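Just below is one structure, and these are the notes that go with it.
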Amino acid sequence: MMKGLCFNRKHLCIPYAAFLILFVIAPLIVIFYYAFTNGQGNFTFDNFVNFFTNTNTIGTLLYGFAVAIVTTLVCLIIAYPTAYILARSKFKKKYVLLLLFILPMWINFTLRITALKEILSVLEGNISAYPFLNSVIGMTYDFLPFMILPLYTSLLKLDNSLLEAASDLGANKFTVFLRVTLPLSVPGIVSGVTMVLLPSMTNYVVLDMLYNSTFIPGSLIFSYFSAYDWNNGSLISLVLLIIVFIVTLVTNRFSDNEKDKRVAIL
Amino acid sequence: MSKSENIIELIDVKKVFDDDTIAVDNFNLEVKKGEFVTFLGPSGCGKTTTLRMIAGFELPTSGKILLNGEDISRLPPNKRPVNTVFQKYALFPHLNVYENIAFGLRLKKIENTYANDKGDRYTKKERLTKAEIDKKVKKALEIVDLEGFEKRSVATLSGGQQQRIAIARAIVNEPEILLLDEPLGALDLKMRKEMQIELKNMHKKLGITFIYVTHDQEEALTMSDKIVVINDGDIQQIGTPTEIYNEPVNTFVADFIGESNIFNGTVVGNLKVKFCGATFDCLDDYEINQLVDVVVRPEDIKICSPAEGHLKGKVISSVFKGVHYEITVAIGKFEIIIQSTSTAPVGSTIGMRIEPDGIHLMEKVYTVNKYDGEITKNNTVKFGDGEFECDVTQLYPASRLDEEGYLITASGEKIDMTGVEVDVEVDTHDIQMSDDKDAGGAQGNIISMIYKGDHYRYIVRTEENEEDYVLSCPDTWNTGDLVSIIIPKDKIKLVLKPVGEDK
């Protein structure tokens with residue numbers, strides 16, 4: 001038999017490679033191409049210069065950052081105690097409670113955000129008066145389960161005898177939490193933060209549905225693309241891609257410090 | 001003994017868990033300063049629960065725990081001057097060896113006395129300085145023989161090393177009592193033996209009181225000054241290893257500590273006991289006709305020629321165990337295990353001698369009669385050389401019998417009970433005697449009657465297999481009378497024998 005026709009395990013990667021080329025590599029090349037060319041197809045750095053000299057785009061980027069960071073913090077503040085109670089309490093119906101937090105994820109996204117919009121309209125009157133607050137509320141509502149689940153799993157795995165050992169060695173309840181529970185839940189915090197911070201930087205759909213806006217980089221890209229300005233839109237995508245890359249590197253570094261890497265369940 | 005010698009006292013300590021299981025009951029114990037005390041018992045006997053109550057992880061339902069005379073039973077663990085070595089080490093995975101050991105030291109505040117300008121003395125609570133912590137950690141690592149391990153991550157250590165770090169982490173705080181919860185359970189045999197000796201040496205060197213929990217009787221005998229044998233939440237016996245081994249107070253202790261032959265015996269004369277069909281001299285004084293458990297250690301039985309022995313039997317098996325042979329001998333329907341440095345060929349008949357100091361008698365405590373039984377095709381039960389009417393529906397909840405005698409369970413399943421093996425229990429108060437031979441399910445002779453104040457306790461023995469019925473009766477009968485045994489149908493308790501192996 002001819003060697004070339006022989007099927008071996010390596011060939012199993014062909015569908016995956018094809019997928020990768022079609023949906024990851026090719027779009028990336030296209031983005032690169034557009035980001036470094038002008039409308040006539042000539043190579044240029046103008047888009048870069050435009051982006052970093054335009055206070056409007058830089059402002060949007062920073063605003064997007066602010067929304068993402070505040071959303072992440074709010075999620076963390078809500079999710080940690082929730083996950084702690086779910087994982088550590090002897091409460092028998094806690095799985096029902098956990099389900100209540102997961103349940104919104106099963107409901108159609110459009111329906112959820114439309115409902116939220118109506119509630120906010122009733123509460124605030126004119127919802128466009130509080131863009132930052134509403135962005136944070138919308139994103140928190142959307143991403144909270146992604147923060148709770150990794151925290152829940154890492155707190156659930158926490159060995160009770162470690163907490164007993166700490167109190168045995170003289171730590172009061174607060175010290176036990178600070179010196180043992182919190183450090184050991186860092187992997188959960190890291191994966192929760194990764195799962196909330198990165199999407200909330202670019203997820204413009206929530207904002208777009210709450211009120212049409214160009215407040216965050218995601219919506220900026222959309223507005224450029226709808227105006228057939230592929231070049232500037234691609235450049236912003238590229239900048240975001242680089243930011244995401246850097247953030248991922250940093251968070252990976254964090255979880256590498258922990259000996260057993262905990263993979264979030266989502 | 002003066003009170004001040006006791007470092008810890010447990011007074012009537014009882015622990016009932018949420019699901020109403022009684023883990024520890026009526027626990028009274030005094031531990032002297034510097035003692036090595038071991039809680040020994042099978043798993044689930046309440047020994048770990050007791051330890052956890054001393055540590056403060058569990059609060060006793062009732063009773064008191066006194067430390068140096070002060071009641072500490074309601075104090076949280078961090079307020080107690082005791083430290084624990086956990087079964088699975090419980091080292092902090094996010095901290096290195098140094099930080100693990102320093103954990104307790106960093107939280108500790110000690111009183112320092114100063115003098116101010118005017119010469120007045122005052123005390124201040126202060127944390128330990130870095131240099132002090134360094135010194136203590138280094139010393140603790142020296143004690144457990146792991147110098148230079150400060151910077152290592154705990155995940156890179158072997159089981160034995162982790163165990164040493166766990167010990168170092170506890171003793172570095174200089175606790176008044178060190179609690180060890182089966183600390184060597186996860187180590188292999190050789191490592192365990194090494195650590196046993198090291199722990200014993202550490203105990204001598206440090207002078208701290210050790211309370212050690214184990215289910216390994218050999219470990220307990222090797223290491224302890226005092227052993228507390230626990231079963232089902234109750235203390236069975238407290239004593240030195242020698243006392244526990246040589247003078248077990250009941251058959252549980254005898255059976256749990258070392259290997260034992262346990263027989264039913266009857267006291268037949270002054271310092272004479274009959275078991276296995278022979279009469280022996282013994283050292284324990286009991287009333288004549290008293291039923292006793294006879295415990296004989298396998299090494300206390302000496303092999304001799306058939307003519308010289310108290311007992312004669314046939315060798316069934318002989319297994320070489322390294323130091324000795326373990327020989328099983330059949331004497332009629334009894335089996336006896338002997339440990340001896342010499343052996344005898346399988347199938348040969350040998351004689352056995354047991355000296356009086358090798359025979360330990362224990363009073364039988366009777367509240368119920370227990371038998372092995374079998375259900376017949378008439379839905380009666382056979383046990384103790386007799387056959388009795390019984391209620392087989394008690395074996396399955398909400399079941400009933402149909403016209404053909406099959407058992408119908410609550411779910412409608414039809415079961416033929418013929419030949420099913422059951423455990424039978426009958427209370428001593430529920431057995432009656434009759435001189436009508438055919439009135440009862442079994443017949444036997446009264447072999448013993450003991451007056452117990454308001455009633456007599458009788459023992460009726462059947463002829464065929466020498467099964468005993470113990471019963472209480474206010475009427476007077478005579479020893480040797482042939483009687484039949486009557487048990488009301490509803491007083492026979494049946495329990496299905498567990499299928500397959502015990503858990």
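The values are calculated or read from the model by the stated rules, or taken from the named source; none is laboratory data. Just so we're clear, the structure is a prediction, and the values are computed from it rather than from any experiment. Every residue, glycine among them, receives a Cβ derived from its backbone with ideal geometry; neighbour counts consider all protein chains shown. These area figures cover heavy atoms from the full protein model, side chains too; ligands, DNA and RNA do not enter into them. Shrake-Rupley method; radii C 1.70, N 1.55, O 1.52, S 1.80 Å.
Per-residue answers, yes or no, for (1) within 24 Å of residue B:340 (Cα to Cα); (2) surrounded by fewer than 22 Cβ atoms within 10 Å (Cβ to Cβ); (3) at pLDDT 85 or above:
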| residue | (1), (2), (3) |
| --- | --- |
| B:229 | no, no, yes |
| B:239 | no, yes, yes |
| B:248 | yes, no, yes |
| B:251 | yes, yes, no |
| B:254 | yes, no, yes |
| B:267 | no, no, yes |
| B:270 | no, yes, yes |
| B:277 | yes, yes, no |
| B:280 | yes, no, yes |
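Residues of segment A:147-166 that are at the interface with chain B (Cβ under 10 Å from one of its Cβ atoms) and open to solvent by less than 20 Å² (accessible area, probe 1.4 Å): A:162, A:165, A:166. Set side by side, the residues B:221, B:180, B:199 differ, and just one is within 14 Å of another protein chain (Cβ to nearest Cβ), of a type in the set (A, V, I, L, M) and touching a strand residue (DSSP E or B) at 6+ places or on another chain (Cβ under 8 Å), which is B:180. Search segment B:65-88 for residues being away from chain A (no Cβ under 14 Å) and assigned to a strand (DSSP E or B), and hand back the single one that is surrounded by the fewest Cβ atoms within 10 Å (Cβ to Cβ). Here the residue is B:70. Restricting attention to segment A:179-222, the residues that are open to solvent by 50 Å² or more (accessible area, probe 1.4 Å) and within 11 Å of chain B (Cβ to nearest Cβ) total 2. Selection of strands (runs of 3 or more DSSP E) fully inside segment B:300-342 by the criterion of at least 3 residues being more than 25 Å from residue B:282 (Cβ to Cβ) returns B:311-320.
Looking at this structure, is residue B:160 buried (at least 16 other Cβ atoms within 10 Å of the Cβ), more than 14 Å from chain A (Cβ to nearest Cβ), at pLDDT below 90 and in contact with an Asp or Glu (Cβ under 6 Å, 6 or more places away or on another chain)? For residue B:160, the condition - buried (at least 16 other Cβ atoms within 10 Å of the Cβ), more than 14 Å from chain A (Cβ to nearest Cβ), at pLDDT below 90 and in contact with an Asp or Glu (Cβ under 6 Å, 6 or more places away or on another chain) - is not met.
Yes or no, residue by residue, for (1) buried (at least 20 other Cβ atoms within 10 Å of the Cβ); (2) small (Gly, Ala, Ser); (3) on the phi < 0 side of the Ramachandran plot:
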position	(1), (2), (3)
B:206	no, no, yes
B:212	yes, no, yes
B:215	no, no, yes
B:220	yes, yes, yes
B:225	no, no, yes
B:244	yes, no, yes
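Residues in segment B:262-299 that are assigned to a strand (DSSP E or B) and farther than 17 Å from residue B:334 by Cα: B:267, B:268, B:269, B:272, B:281, B:291. Just one of (1) under 29 Å from residue B:457 (Cα atoms); (2) open to solvent by 70 Å² or more (accessible area, probe 1.4 Å) fails for residue B:289. It is (2).
The residue list A:100, A:123, A:144 contains one member that is surrounded by fewer than 19 Cβ atoms within 10 Å (Cβ to Cβ) and closer than 28 Å to residue A:218 by Cα, which is A:123. Output yes when any residue across segment B:107-123 is of a type in the set (D, E, K, R), over 26 Å from residue B:33 (Cβ atoms) and within 14 Å of another protein chain (Cβ to nearest Cβ), and no when none is. Within segment B:107-123 (the criterion being of a type in the set (D, E, K, R), over 26 Å from residue B:33 (Cβ atoms) and within 14 Å of another protein chain (Cβ to nearest Cβ)), the answer is no, since none of the residues qualifies. Of all the residues in segment B:172-203, those that are free of Cβ contacts under 8 Å to residues at least 40 places away in the same chain and in a loop (DSSP other than H, G, I, E, B) number 4. Comparison of B:154, B:97 shows that the only residue that is in contact (Cβ under 8 Å) with a residue 60 or more places away in the chain, over 15 Å from residue A:168 (Cβ atoms), surrounded by 19 or more Cβ atoms within 10 Å (Cβ to Cβ) and within 13 Å of another protein chain (Cβ to nearest Cβ) is B:154. Scanning segment B:369-389 for residues that are open to solvent by less than 70 Å² (accessible area, probe 1.4 Å), out of contact with any helix residue (DSSP H, G or I) (no Cβ under 6 Å at 6 or more places or on another chain) and not in a strand (DSSP E or B) returns B:376, B:384, B:385.
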